[in-house]
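Read-outs: derived from the displayed coordinates by stated rules, not from any lab. Remember, predicted model here, so these are calculated numbers, not experimental data. Virtual Cβ from ideal backbone geometry, glycine too; neighbours counted across all protein chains shown.
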């Protein structure tokens, strides 16, 4: 499988990252183990999770995804074959959150324990913390890198301005800096990344691993009416896309998928993989068929006309947001 470099001196990763948010939420432990084995066999060895996954589910407290991945590492012995990314900073439900040095030190130990590993390949700030000096956060990360507990660091949910400020701060103080950004970006959510974040990641040459690559499932084509979304796990997330613009994007995906003997989900991911600045979109799967779709997307190369057709169908986001 094709590999790309994450940042100027970072990890070489496959062109798609497997989302671990479903482990322990919509995928059982045994099914998660099976998926991880199958993904690795198919060449998907880049896994993204977070300490907070899946605190939102009833009865959960966070750490469920990391715990399952850790059990799989212990059961399979395949830790050394995986590029592991996790995150810190979101509210864990007891007020624990942010990027202060003391909290990062506590949180990384908790993640390492749950993951049953002694190092994390990519440790990411899950969201910006403007109440903590950037230098303090980078000094904490530097200690983790020096100790071997973390290899590289990345950012998620940063504005372009704050991302640039963070990178400049790390350079000014000669501290390890972010090698990647994890933003919200897909065919129906383009404007923020393309206008405010892409110039920054291109200037500083950092990798991009966007989340919601399939818009919570909308870009698979299975949600075409309001009734399609009713009662579904992510129905509330996709409802906002079921409008004239969203359905025009689905129509374009259908047409391009037919042309390439593929599926809307494969095409949506292939479009994202082909975009400037993108290293590896993050996408999750809850069935063997969905996992196969992710693998197939890494092999689908869209022709310029297909990419342009999708660009046109999804280009009116700014106008749609103003209505």
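7 Å from Cα along Cα→Cβ at both residue 162 and residue 91: what's the point-to-point distance in nm?
It works out to 1.5 nm between the two label points.
Quick one: helix 29-41 against the long Cα principal axis of the chain, what's the angle to the nearest 10°, folded into 0 to 90?
The helix 29-41 is inclined about 80 degrees to the chain.
Given points 7 Å out from each Cα along the Cα-Cβ axis, report the residue 74 to residue 192 separation in nanometres with one decimal.
A separation of 3.7 nm, rounded to one decimal place.
Would you mind giving the average projected area, over all directions, of the Cα convex hull of the range 12-182 in nm² with one decimal?
9.7
Evaluate the distance, in nm, between pseudo-label points positioned 7 Å from the Cα of residue 56 and of residue 224 along their respective Cα→Cβ axes.
My value for the distance between the label points is 2.7 nm.
Fully extended, how many nm does the chain gain between residue 28 and residue 81 (0.36 nm per residue separation, minus their Cα-Cα distance)? Display every interim value, and only then the final one.
Numbers: separation 53, 0.36 × 53 = 19.08 nm, distance 2.24 nm.
Gain in length upon complete extension: 16.8 nm.
Starting from the Cα of residue 303, move 7 Å in the Cα-to-Cβ direction to define the label point; list residues of the range 250-269 whose amide nitrogen is under 20 Å from there.
Correct set: 251-269.
Determine one quarter of the surface area of the Cα convex hull of the range 164-323, which equals its mean projected area, and express it in nm² to one decimal. Numbers along the way, then the final one.
On the way: hull surface 42.1 nm².
That works out to 10.5 nm².
Working out 0.36 nm times the residue gap between residue 289 and residue 169, then minus their Cα-Cα distance, what length gain in nm do you get to one decimal?
Extra length from residue 289 to residue 169 when fully extended: 38.8 nm.
Using the beta-carbon distance between residue 202 and residue 259 and R0 = 35 Å, what value does 1/(1 + (r/R0)^6) give for FRET efficiency, to the nearest 0.05?
Calculated value: 0.70.
Compute the distribution of all C-alpha to C-alpha distances in the chain, in bins of 10 Å from 0, and list the percent of pairs in each, rounded to whole numbers.
Going from the shortest bin to the longest, the percentages are 6, 27, 35, 24, 7, 0.
Relative to the compact globular guide of 2.2 N^0.38 Å, what is the alpha carbon radius of gyration of the range 251-291, as a ratio?
1.24
What's the ranking of 76-89, 25-38 by average number of surrounding C-beta atoms within 10 Å, highest first? List each step's numbers first, then the result.
Values: 76-89: 19.4, 25-38: 17.2.
Sorting 76-89, 25-38 by mean packing, highest first, produces 76-89, 25-38.
May I ask what percent, to the nearest 5, of DSSP beta bridges between residues of the chain are antiparallel?
Here the antiparallel bridges make up roughly 15 percent for the chain.
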